[in-house]
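Peer 1: Right, I'll just put the structure down here and ask away after.
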Amino acid sequence: MEAQNGSCGGAPVVLNVYDLTPMNNYLYWFGLGIFHSGIEVHGMEYGFGAHQFPASGVFEVEPKSCPGFIYRRSVWMGTTDLSRAEFRSFIENLAGKYNGNTYHLISKNCNHFTDDVCKSLTKKSIPGWVNRLARVGWYHQFNLSLSCHASEFRYLISFPPMFRFIF
């Protein structure tokens with residue numbers, strides 16, 4: 001780890017990126033893709049997903065094994081000096097800002113969540129390619145047409161009972 005970040009202290013912060021569709025194998029070479037991301041810290045991976053309730057959409061899973069998605073790659077983001085207990089408190093606090101019924105494909109998706117976590121812990125943003133499709137949609141005002149399908153997408157990525165939601 002020392003060679004990757006220049007220091008030997010702190011817990012690794014790793015972005016795990018997943019494909020939402022097999023089409024990503026082709027889109028990836030054009031700098032596009034539809035990705036899910038989770039953030040791995042202290043041996044667990046945390047993500048954000050949609051559901052119909054006004055409760056946290058933040059969940060934890062074993063690293064690199066988010067059900068329903070195809071693992072693509074991991075990106076080293078840095079380290080955090082937060083202990084396990086401090087990190088747990090941090091993620092529970094952040095989970096209160098990410099209710100499952102507030103998920104939006106363009107403006108508040110899993111990649112926005114991981115970006116917020118990374119910025120807070122490492123002062124770095126996630127790589128631009130991870131959430132590029134949402135930014136393109138926002139910039140080109142596809143928001144209206146995509147939001148019409150957002151509820152369909154929510155169920156497309158519904159989360160199996162093995163997720164442990166953080167409340």
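Peer 1: Just one of (1) of a type in the set (Gly, Ala, Ser); (2) on the phi < 0 side of the Ramachandran plot; (3) modelled with pLDDT of 95 or more trips up SER107, so point out which.
Peer 2: (3)
Peer 1: Of all residues in segment 67-103, how many are of a type outside the set (A, V, I, L, M, F, W, C) and either under 24 Å from ASP19 (Cα atoms) or buried (at least 18 other Cβ atoms within 10 Å of the Cβ) (or both)?
Peer 2: Within segment 67-103, the subset of a type outside the set (A, V, I, L, M, F, W, C) is 67-68, 71-74, 78-81, 83-84, 86, 88-89, 92-93, 96-103.
Filter once more, keeping what is either under 24 Å from ASP19 (Cα atoms) or buried (at least 18 other Cβ atoms within 10 Å of the Cβ) (or both): 67-68, 71-74, 78-80, 98-103.
Within segment 67-103, residues that are of a type outside the set (A, V, I, L, M, F, W, C) and either under 24 Å from ASP19 (Cα atoms) or buried (at least 18 other Cβ atoms within 10 Å of the Cβ) (or both) number 15.
Peer 1: Identify all residues within segment 18-40 that are surrounded by fewer than 24 Cβ atoms within 10 Å (Cβ to Cβ) and of a type in the set (Val, Ile, Thr); write none if there are none.
Peer 2: Taking segment 18-40 first, the residues surrounded by fewer than 24 Cβ atoms within 10 Å (Cβ to Cβ) are 18-34, 40.
Residues satisfying the conditions are THR21, ILE34.
Peer 1: Answer yes or no as to whether VAL58 is of a type in the set (Val, Ile, Thr) and out of contact with any helix residue (DSSP H, G or I) (no Cβ under 8 Å at 6 or more places or on another chain). Outline the logic, then answer.
Peer 2: Working: of a type in the set (Val, Ile, Thr): yes; out of contact with any helix residue (DSSP H, G or I) (no Cβ under 8 Å at 6 or more places or on another chain): no.
Judged against the criteria, VAL58 is not a match.
Peer 1: How many residues are crowded, with 23+ Cβ neighbours inside 10 Å and either closer than 27 Å to SER83 by Cβ or modelled with pLDDT of 95 or more (or both) if we restrict to segment 47-58?
Peer 2: So the count comes out to 5.
The values are calculated or read from the model by the stated rules, or taken from the named source; none is laboratory data. Quick caveat, the model's predicted, so the values are computed rather than measured. Using ideal geometry, Cβ is built from the backbone for each residue, glycine included, and neighbour counts are taken over all protein chains shown.
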